[in-house]
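Asker: The structure is given below, and queries will be raised subsequently.
The values are calculated or read from the model by the stated rules, or taken from the named source; none is laboratory data. Owing to the predicted nature of the structure, the values given are computational and were not obtained by experimental measurement. Neighbour counts are summed over all protein chains in view; Cβ atoms, including those assigned to glycine, are modelled from backbone coordinates with ideal geometry. Each accessible area value is taken on the protein alone, full model and side chains, heavy atoms only, with ligands, DNA and RNA left out. Shrake-Rupley method; radii C 1.70, N 1.55, O 1.52, S 1.80 Å.
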Amino acid sequence: MSIDPEKLYDQVKRLCPKRFKGPDAEVVTSLIAHTAALIDENHRLPRAQANQLVRATRQALPDGRKRRAFKLVTEVLEAINLTEAATCAMPGQTHHPTRPQTTASSALQFHQQAIAYAMDQYLDRWLAERAALEPMDRALALALRLTTRTGMGADLVSGSLARLTPACVTTDGNLRLPIDIANFSRAYYHWPLPPGCARLLPPGSHKDTRDEVLLLAEALGEPIDPTLHEDALIDAAAEKQKAVTDALQKAFQAFAQDFRRDTGHRGGVPLKSWTTFCLVGRFIPQGRGMPPALIELGKGFPLPACTDLHALTAPDARQSVRLSGNTLASAPIKPPTADLANLTAPAGGEWFDTEALPEDWATKANRILQRFCQDAEALQGKNHYVTEANHQKLKDQRDKRLGELNALWAGPTLAHIGLGWLCELALKRAKISTLRTYVSRLLAVSTLALEPAMNLPLWDDDIVYGMETRIIASRDWQHTTVGHFRQTWGDCLRYAKRIGHLPEVEHLPGGQAHVHTAKRIHILTPYEAGLIWNHCLHHGGVWGAQAAAAVMLGFYGGLRSADVLGLCKHRIQKGPFHRSEMSPDHHIKVSSSPGSSIAASLTV
C-alpha cells in the first residue's frame, strides 16, 4: 500500500464534506479504504480496478440504492484526483442508443394521429372543391403529403421547401434533397416520392433544369443566396426556414378550419399547429409498409449524402449518381495505393517539440482548471454564481492558477485560454455547474493531451476543424449535446481570438451547423435491403435463409440484433390472431424477449 488511507480520508473529507453525510457515509468511508489499497506504487488506479470498485459497491449497497454505485465511485475517484495524491481512471459506462419511437406513445397522440389520418384523406376533397388553387394551397398540400406519405418531420419539410428548386426534381419524379439547409455542396440525398406526392409537384417540374428559383416560388418567395459568407449563409438559411414554417402554419390553420367545417369533426383534441401535425402524422407511413428506419431518417437534418466518387468528375456540378447494380459492378472496392495514401498530412503542417513537457501535463492542467472551479464555488452566493463583491478575489485566484499553468508549460495553450474564458464567464454570472460542465466537455484530459492544444499560434482553420472532429469522435454524445459542444467550443475560440490569439483562424464553429455522426453516414434503403435478401438466399449457403430472415426482421420489424439472435420458436405466432379475422393466415407475430422493463419488450 503506497497511500495512507487515513490521510486520504481526511483530504477527501476536507474537499467534499457532504459525501460523508447521509445514508451512504459508511459506504464512502469503506470505498476510500479499498481505493487506497488498490492504488499501485506509481500512484495510479487503472480502469479495471475502478470497475471492480463499482461492482463491490453495488453489492454493499441495499437493494433500493444499488443504482447509485456508479455515481458514488465516480464522485470519490474525482475527489481523490483533486487531492493530487493519486491519478484514478474513471469506471467505464455503457450508453445504449435509444430505440426510435415510431408509434403513438400516449392516448392523446393516438387520437391526434387518427385526426391526422382523416386530414390526409380529406386533402383530395379539399383540393378538388377549391375553384382557384392558390400557390400556398399547393405548397401546403405537398407539405402535408410529404409528412403522411414519406415520414418527413416539420424541420425537414420546411427546410426542404426552402431549398428545393426545379433542378432538384429528377426525371422519374423523385427529389434530390440537400443534406443540410445551409449546405450548398454537390452532396444530395435521393428522396423517393409516392404517386400521392409526385402529382402535387408543379407541372413540368421534372423537365425544368433551373436552379436559381424555388420549386414553389410563387408561394415561398426568393431562394437563399449561396454566395453569402458562411456565418451569414447559416443565418439566412435559418431565417428562410422560419419564414416557410410561419407560412405553412398560417395555411394549415385555414385548412384545419375547413376540415372541421366540412367533416363535422368535433371529438378529441383538434390539431391546430403545423408542428403538432407533423409530430404525429409522420408515423402514418409505417401503416403503409414504410420501414421505421426510414421514418426515423426523415425526422430532420442532416441527411446522409448519396453522392459517390463518380459525381465529383461529372460535367455538371449539380449532378449526383444513384447507387445501382451497374455502379457497383463498375466501381469495385479497392484499397488505396501507396502513392495515394501518402497524399494526406496532419492538419496544420508543422511539428513542434514536446519532449520538454512534464509527465501527465494534461491531467495536471485539467486539475488546475477544476481547482479554479472550486475557487469560484467558494466565492458564490445564494444563486450559485460569484457575487460582485468577490470579483476581485476571483481574479486573484485566476492569476494564481495561471501561474501554476505557466510553471507546467509557458503558454499560450488551450488550458491557458480555457482558464481565462472560464473566469470571464464566472464574472458574467455563469453558474458554477456550467463552468464544471465546460471543463469536462471542452477541456477534458483527452482534449488537452492532443498535440495542437499545446501551441495555439500554429492553429488555422484545418486544425480547428480537426480538433473539433476528434473531440466529437471520442465522445458518445447525443445530437443535442454535439450542438451544444459546437456552440461553446466556438465561444471559447472566439474569446481566444478576441484577446489576440489564433491569428490564422478565419472560420469559427457555431451551434447551428449540424454534425454528421457516424450512426447516420449510411442507412439502408429498400433497394439495398433487397440486394441483401437476394444475396443471402442465392449465395448464403446453408445459413442463407436464416440470414435473410434476420435482416428482414431488423429492417422491416425494427428488431435489434440481440432480439434477433435470441428469438425462439415459442415467441413466433401464426395468424389469424383475432376472431374478427382481421389478420390473414400468412401474417405472423414476433415477440422479443422481455428485458429489464416493460419498454424493453417488443411485439411486431
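Asker: Name, by its number, the condition in (1) within 21 Å of Arg498 (Cα to Cα); (2) modelled with pLDDT of 90 or more; (3) open to solvent by 20 Å² or more (accessible area, probe 1.4 Å) that does not hold for Gly411.
Answerer: If we test Gly411 against (1) within 21 Å of Arg498 (Cα to Cα); (2) modelled with pLDDT of 90 or more; (3) open to solvent by 20 Å² or more (accessible area, probe 1.4 Å), just (2) comes out false.
This table checks each residue for (1) more than 14 Å from Leu31 (Cα to Cα); (2) at pLDDT 85 or above.
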{"residue": "Cys88", "(1), (2)": "no, yes"}
{"residue": "Ser105", "(1), (2)": "yes, no"}
{"residue": "Leu108", "(1), (2)": "yes, no"}
{"residue": "Asp137", "(1), (2)": "yes, yes"}
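Asker: Next question, about the same structure. For the subset of the range 194-223 comprising residues that are part of a loop (DSSP other than H, G, I, E, B) and in contact with an Asp or Glu (Cβ under 9 Å, 6 or more places away or on another chain), which member is surrounded by the fewest Cβ atoms within 10 Å (Cβ to Cβ)? Full working, then the answer.
Answerer: Taking the range 194-223 first, the residues part of a loop (DSSP other than H, G, I, E, B) are 194, 199-204, 208-216, 221-223.
Narrowing the set further to residues that are in contact with an Asp or Glu (Cβ under 9 Å, 6 or more places away or on another chain) leaves 202, 213-215, 223.
Numbers: Pro202: 16, Val213: 14, Leu214: 23, Leu215: 24, Pro223: 17.
Only one residue fits best here, namely Val213.
Asker: Can you tell me how many residues in the range 11-29 are assigned to a helix (DSSP H, G or I) and surrounded by 13 or more Cβ atoms within 10 Å (Cβ to Cβ)?
Answerer: First, pick out the residues of the range 11-29 that are assigned to a helix (DSSP H, G or I): 11-15, 17-20, 25-29.
Subsequent filtering for residues that are surrounded by 13 or more Cβ atoms within 10 Å (Cβ to Cβ) retains 11-13, 15, 19-20, 27-29.
The total comes to 9.
Asker: Checking Leu175 against (1) more than 24 Å from Thr276 (Cα to Cα); (2) open to solvent by 10 Å² or more (accessible area, probe 1.4 Å), only one condition comes out false. Which one?
Answerer: With (1) more than 24 Å from Thr276 (Cα to Cα); (2) open to solvent by 10 Å² or more (accessible area, probe 1.4 Å) applied to Leu175, the lone miss is (2).
Asker: Tell me which of these Ala60 doesn't satisfy, since it passes every other one: (1) without any contact (Cβ under 8 Å) to a residue 40 or more places away in the chain; (2) closer than 15 Å to Leu77 by Cα; (3) surrounded by 15 or more Cβ atoms within 10 Å (Cβ to Cβ).
Answerer: Just one mismatch for Ala60, condition (2).
Asker: Which of the numbered conditions does Ile471 fail, given that it passes all the others? Conditions: (1) without any contact (Cβ under 8 Å) to a residue 60 or more places away in the chain; (2) part of a loop (DSSP other than H, G, I, E, B).
Answerer: Ile471 satisfies all of (1) without any contact (Cβ under 8 Å) to a residue 60 or more places away in the chain; (2) part of a loop (DSSP other than H, G, I, E, B) except (2).
To keep it simple, each residue is scored yes or no on (1) touching a residue at least 40 places away in the same chain (Cβ under 8 Å); (2) assigned to a helix (DSSP H, G or I).
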| site | (1), (2) |
| --- | --- |
| Asp231 | yes, yes |
| Asp246 | no, yes |
| His265 | yes, no |
| Leu271 | yes, no |
| Ile295 | yes, yes |
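Asker: Could you say whether any residue in the range 573-583 is at pLDDT 70 or above and either surrounded by 15 or more Cβ atoms within 10 Å (Cβ to Cβ) or under 30 Å from the mean Cα position of the chain (by Cα) (or both)?
Answerer: So far as the range 573-583 goes, no, none of its residues is at pLDDT 70 or above and either surrounded by 15 or more Cβ atoms within 10 Å (Cβ to Cβ) or under 30 Å from the mean Cα position of the chain (by Cα) (or both).
Asker: How many of the residues in the range 107-126 are of a type in the set (Gly, Ala, Ser), farther than 17 Å from Ala154 by Cβ and open to solvent by less than 50 Å² (accessible area, probe 1.4 Å)?
Answerer: Our first condition is that a residue be of a type in the set (Gly, Ala, Ser); within the range 107-126, this holds for 107, 114, 116, 118.
Next, only the ones that are farther than 17 Å from Ala154 by Cβ stay: 107, 114, 118.
Now narrow it down to the ones that are open to solvent by less than 50 Å² (accessible area, probe 1.4 Å): 118.
Count: 1.
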